Each structure stands twice: as structure tokens, then as C-alpha cells.
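Asks: Take a look at this one; I'll ask things after.
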Amino acid sequence: MTATLIDGAAVASSLVRRIAALTSDFTATTGRKPGLSVCIVGDDAASGVYVRAKEKRAGEAGFDSRVIRKDAALSQAELLQSVEALNADESVDGILVQLPLPKGLQERAVIEAIDPHKDVDGFHTENSGKLLCGIADGFVPCTPFGCLHLLRHHFARQGESLAGKRALVLGRSNIVGKPMALLLLAEHATLSIAHSRTRDLPALCREAEVLVAAVGRANFVQGDWIREGAVVIDVGINRDQNQNQGRLVGDVDFPEAKKKAAAITPVPGGVGPMTIAMLLWNTLVSAHRRSGLPPPCLEAEEEKN
Ligand code: GUN
């Protein structure tokens, strides 16, 4: 079997086009643009690349997109003050503080300082709690939200759904693994979560009809761990140290896995572009809620694709 590629770049572009159209309606109705403010502290190179990509896409979608750059020597109190200023700014619908923060700054305290109604990252405990309880008026973290969108898109094309499928999430981070597991459960998948202490990981992987890999280790998942006909979502973005110039690779050994899987996301061009699209979606939803308008419906937009 040779896997079909799940083209995240194409799915994301199509969603961003819809977001741009909805943004134009929103701006015509309210006389303002959805506002997204991204705060970056220090000069981490990878974070710089991600933030520039977010800024560019938000501008293209018609948002009022701002980046606040702070020196790595910023104190915790100064960072909290910046967050408070964004909370109080009526023109800001979405706030994102890029992680990781430089040493000495406490990420959890910063996340909890963000107004949960503007927490378009979905990292605040109020939003995590809503996801856990299935309360729909919170925000879902963008990377697992993007993975879910790709899975729904893939299965809808097959006339199938996630319901009843054996799904395995590799990784248990607050940003990806845990929310991904909750989203799959909400779609009625039969769920397992694996992590660094899991015994006989290859055997567990071979049972998975849907495999989401989010471990942050280059080519960690071997081709012979993949079940024949599985759908594989690769969240990893790693530099392959064995390749010249350290090209980007995922958590899954792509050339081998694609011989076994029915469908797989490439790296780059899979989950990465979806993460940004979902950030724009969350910000657009926030802008509608904060303006007292009914938010757009993702399922309805998915049907238009
Ligand atoms: N760093 C890597 N991914 C993310 C993300 O989705 N949100 C934030 N705030 N920081 C990140």
C-alpha cells in the first residue's frame, strides 16, 4: 500500500480563504477587524519563524495583526503587565504569548493571566476545563484542533468518521497530547495514550487505526510499527541531524510509514499550516463573541470544502 498524502497546506489554505471571506463580512458589519496580538519574548530562532508566519497569515486574512517583541531580560512582573494591557485593549480579540518563554519566566502564571475569553491558544485552565467537560464556548488548542480538522476532512472524503476507530496518541503534553486525546474521545474514537513509560510501544502502535504522533523526536515511529491501512498524523517538526543542513522531519519515519499507511501527513506541509489556520479561526470566533454576533460554525465551513 502507498499512502495518500493528507495535504495540510492545501486544507489550511482553503480554510484561510473562508476565514478571509468571513472576516470581510465581520468587518463590514462591525466596522472593525478581528484583532490578534502575539507576544514574543527573547530571540529563540524557531519561535521567531513561527511568529512571523502567524503575523503574515493573520494580515492576509484581513486581521489587525500585531506582534509585541520583548527582550529576554524582561521580568515576570513586566510580562504580566503587558498581558494585562492586552486584556484591557478592546481592539484585541486574541492574545498569544509564544512558548517556550526564556528561563526565569513562569509560563503557567502568564497563561493564567490571559483573559480566558481572549485565550485563542486554548491553554488557560478555564478553556482546558471546558474542553474536558465538552462545553463548546471555550477555545481548543490550535495544533490538536488542526489535527482533528485534517482527520475529519480525510474521513469525510471516505464517507467515514472517527467513531469507534482505535486511536492512539503518542505524547501527553498540555499543548498537544492531552487535548488531542479529549478531541478524539469527543468524536467517539476508542482511545489510548502512550508516553515515555509505555511498555511495548511498537505493539500498541500496530493496533492503531488512527495514530497521532507528538513526541518531538525525529523519525521516532518506525515503518513496521504502523498498522496496514492506518491514518497517520505527524505533529513533529524536528531537525534531522543525520541529513545535510538538518532538514525538517516529523516524528514518523515517513518513507517507511507511507508503505503501510492508508493516509499520512507530510512534514513540512501537514499539521504546521493547520495550526496557524486554527489560530485565525479561534480569533475570528472570539471577535464574533466579543461583538455579540453568532460565531461561524466550523462544521458548516468543512462541508463547503
Ligand atoms: N509554541 C509552540 N507551539 C505553540 C502554540 O501553539 N502556542 C504558543 N503560544 N506557543 C507555542
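Asks: Every residue in region 112-137 that is surrounded by fewer than 20 Cβ atoms within 10 Å (Cβ to Cβ) and either assigned to a loop (DSSP other than H, G, I, E, B) or within 11 Å of the ligand (Cβ to nearest atom) (or both), please.
Replies: Matches in region 112-137: 115, 134, 135, 136, 137.
Asks: If I ask for residues that are buried (at least 21 other Cβ atoms within 10 Å of the Cβ), among the aliphatic types (A, V, I, L, M) and under 27 Å from residue 207 (Cβ atoms), which ones from region 242-277 would you list?
Replies: 249, 252, 257, 261, 263, 264, 267, 271, 274
Asks: With the requirement that a residue be more than 7 Å from the ligand (Cβ to nearest atom) and among the polar types (S, T, N, Q), what does region 93-107 give you?
Replies: Within region 93-107, just 106 meets the criteria.
Asks: Looking only at region 222-233, decide whether some residue is touching a helix residue (DSSP H, G or I) at 6+ places or on another chain (Cβ under 6 Å), closer than 20 Å to residue 180 by Cα and within 15 Å of the ligand (Cβ to nearest atom).
Replies: Checked against the condition, which is being touching a helix residue (DSSP H, G or I) at 6+ places or on another chain (Cβ under 6 Å), closer than 20 Å to residue 180 by Cα and within 15 Å of the ligand (Cβ to nearest atom), region 222-233 yields no hits at all.
Asks: Across region 47-77, what is the number of residues that are hydrophobic (A, V, I, L, M, F, W, C), within 16 Å of the ligand (Cβ to nearest atom) and touching a residue at least 60 places away in the same chain (Cβ under 8 Å)?
Replies: Total satisfying the criteria: 2.
Asks: Then there's this: State which residue is farthest from the ligand (Cβ to nearest atom) when the search covers only region 78-92 and only residues that are small (Gly, Ala, Ser) and in contact with a strand residue (DSSP E or B) (Cβ under 8 Å, 6 or more places away or on another chain).
Replies: 91
Asks: A further question on this structure: Considering every residue within region 176-184, establish whether at least one is outside any loop (DSSP other than H, G, I, E, B), in contact (Cβ under 8 Å) with a residue 12 or more places away in the chain, under 20 Å from residue 299 (Cα atoms) and within 11 Å of the ligand (Cβ to nearest atom).
Replies: There is at least one residue in region 176-184 that is outside any loop (DSSP other than H, G, I, E, B), in contact (Cβ under 8 Å) with a residue 12 or more places away in the chain, under 20 Å from residue 299 (Cα atoms) and within 11 Å of the ligand (Cβ to nearest atom).
Asks: Hey, another quick one. Would you mention how many residues in region 239-278 are assigned to a loop (DSSP other than H, G, I, E, B), touching a residue at least 60 places away in the same chain (Cβ under 8 Å) and among the β-branched types (Val, Ile, Thr)?
Replies: Total satisfying the criteria: 1.
Asks: Given the criterion modelled with pLDDT of 95 or more, surrounded by fewer than 16 Cβ atoms within 10 Å (Cβ to Cβ), hydroxyl-bearing (Ser, Thr, Tyr) and not in a helix (DSSP H, G or I), identify the matching residue among 173, 161.
Replies: Answer to the check: 161.
The values are calculated or read from the model by the stated rules, or taken from the named source; none is laboratory data. What you are looking at is a predicted structure, and each value in this text was computed from that prediction instead of being measured. Methodologically, a virtual Cβ is constructed for each residue, glycine included, from the backbone with ideal geometry; neighbour enumeration extends over all protein chains shown.
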